[in-house]
Amino acid sequence: MRNVTIMTTVSVDEQAISEAKELRDQFQRFLREYEFGMREVETKISILRDEFTHNHAYNPIEHVKSRIKSPDSIVEKVARKGIEPDFDTIRAEVTDIAGVRVTCSFVADVYRLFDLLTQQDDVTVRVVKDYIADPKPNGYKSLHTIIEVPVFLSTGPIAVPVEVQFRTIAMDFWASLEHKIHYKFQGQIPGHLVDSLTDAADAASELDLRMERLHREAHGVRPRELAPPRVIAV
Ligand code: 0O2
């Protein structure tokens, strides 16, 4: 009798383990698609940077950072959005699993890079949120887009969504500090710090303007690199 009980337990455990392994493999395959999409976008950005540097003797990109959303973050977002936790629903509803952040020198570069990336034939623009033209109430500024890029797998092509955020160094500096403060106070930032952050966002915008003006003065007006930003329909 004792032996039978032990055998049953072992067999249930084995099934549970094999199901857990299958789920882990599916999740890794799921995330790998985003990793490939992210690499396609990184390559596009890096080609634009190299081409600019060589052909225009000007590099509009300060740095590029990419990330795949962590499993914990994905689970947290699924819970927050109240969506079904299956792969198809997550694929359709969570569009920022792959993210690329492009930090540019000046606001004009942000829009120029956005145009150069989103006008490529194999890029489909799904969403544009222009928080530069229309900043968030706390002062957050950036140009966000969700694009879809094709990834060619052994089983055929798939379209992978990638969130690309374009911002200036000043906007990035502000966002990174705000993110730390937000995290420290778990979203409940004291009023006086909210006000200081909003002031700092204004100072960052002013700095962007002054630096771009200085750059124009130093290099002369270069309409291709420094065309004034346009407002993009959201
Ligand atoms: P992480 O770690 O950067 O990925 P969503 O949550 O995406 O459904 P929303 O608000 O419509 O909802 O997305 P939105 O406005 O495009 O912003 C998403 C991302 O922009 C955030 O990602 C941040 O990276 C950045 N962001 C937006 N607002 C702020 C802000 O006020 N301060 C800072 N520092 N960053 C901001 P995640 O998922 O929050 O985090």
In whole Hz and in residue order, list the ³J(HN,Hα) couplings for segment 189-203 that follow from phi through the Karplus curve 6.51 cos²θ - 1.76 cosθ + 1.60, θ = phi - 60°; x for Gly and Pro. 6, x, x, 5, 6, 4, 5, 5, 5, 5, 4, 4, 5, 5, 5
Highest GNM mean-square fluctuation among Ile47, Ile147, Ile169, for the chain with Cα springs under 10 Å, belongs to Ile47
State, to one decimal in nm, how far the label point of Thr43 lies from the label point of Phe185, with both points 7 Å from Cα in the Cβ direction. 4.4
Using a probe radius of 1.4 Å on heavy atoms only, what accessible surface per residue do you get for the chain? Whole Å² is fine. 61
Round to the nearest 10 and give me the degree value, 0 to 90, for the angle of helix 2-55's Cα axis relative to the longest principal axis of the chain. 20
Pairwise centroid distance, computed over Cα atoms, of segment 139-154 with segment 159-199, Å: 19
Within the accessible area of segment 2-219, what % is carbon and sulfur when the probe is 1.4 Å and the other protein chains stay in place? 54
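Suppose a student asked you for the relative contact order of the chain, using Cα pairs under 8 Å spaced at least 6 residues apart; what percent would you report? Working shown, then result.
Numbers: 288 pairs, mean separation 45.9, N = 234.
Worked out over the chain, it gives 20 percent.
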Accessible area of His179 in the full protein assembly, 1.4 Å probe (Å², nearest 10): 120
With every protein chain present, what accessible area does Ser154 have (1.4 Å probe, heavy atoms only), rounded to the nearest 10 Å²? 130
Descending accessible area (1.4 Å probe), largest on the left, turns Asp72, Asp13 into Asp72, Asp13
Read phi for every residue in segment 91-97 and hand back ³J(HN,Hα) as whole Hz from Karplus 6.51 cos²θ - 1.76 cosθ + 1.60, θ = phi - 60°, with x for Gly and Pro. 4, 6, 9, 9, 9, 10, 5
At a Cα cut-off below 27 Å, give the lysines reachable from Lys81, other chains included and same-chain residues fewer than 8 away excluded. Lys21, Lys65, Lys69, Lys129, Lys136, Lys141, Lys180, Lys184
What angle do you read, to the nearest 10 degrees and between 0 and 90, between the alpha-carbon axis of helix 169-184 and the longest principal axis of the chain? 40
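The values are calculated or read from the model by the stated rules, or taken from the named source; none is laboratory data. For clarity, every value in this text was computed on a predicted model and none was experimentally measured. No Cβ is skipped: glycine too gets one built from the backbone with ideal geometry, and neighbour counts run over all protein chains shown. In case anyone asks, the SASA skips ligands and DNA or RNA and just uses the protein heavy atoms, side chains included. Shrake-Rupley method; radii C 1.70, N 1.55, O 1.52, S 1.80 Å.
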